[in-house]
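Only the coordinates and a few stated rules stand behind these numbers; no lab work does. The structure displayed is predicted, hence computed values, not measured ones. Positions of Cβ are generated from backbone atoms using ideal geometry, with glycine treated the same way; all protein chains shown enter the neighbour counts.
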Amino acid sequence: MFLGKVIGSVVCTVKHPSIDGKKILVVQPLDRNSKPKGNPIIALDAVGAGAGETVYWARGREATLAWEGEEVPTEAAIVGIVDRVHVREKASTPSTGSGQADSHR
């Protein structure tokens, strides 16, 4: 699953009956630092997300599971609205003090 930001919506006057009444949104994927990553995607909204919100989205088979008991033809679905993202920094590698790696023979 991935993070993204809702940047727009799609309006369809005719669509498959299984997605009738479901909102279709444009989502900009984000990297771990909440910066845009790659091209925007189109996703069905399963949680009531809105413009400017950070969302959690799934793709492929997982995207179709957002609607219990329904088979929905979609490649991507918004499955959560994100309140906060906290990224833990990686622990630094211990230094030997000499600037060179220890060698054991």
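Working from label points 7 Å from Cα in the Cα-to-Cβ sense, the Arg32 to Glu71 distance is 3.9 nm.
Taking label points 7 Å from Cα along the Cα-to-Cβ direction, His86 and Cys12 give a separation of 3.9 nm.
Of the residues Pro40, Pro73, Ser18, the one whose Cα sits farthest towards the positive end of the charge dipole of the chain is Pro40 (charges of +1 on Lys and Arg Cβ, -1 on Asp and Glu Cβ, taken about the Cα centre).
The value of relative contact order for the chain, using C-alpha pairs under 8 Å at least six residues apart, is 25 percent. A viscosity of 0.890 mPa s and a temperature of 25 °C, combined with the Kirkwood radius over Cα pairs in Stokes-Einstein, give a translational diffusion coefficient for region 2-81 of 195 µm²/s.
For the chain, the dipole from Cβ point charges (+1 on Lys and Arg, -1 on Asp and Glu) about the Cα centre works out to 440 debye, to the nearest 20.
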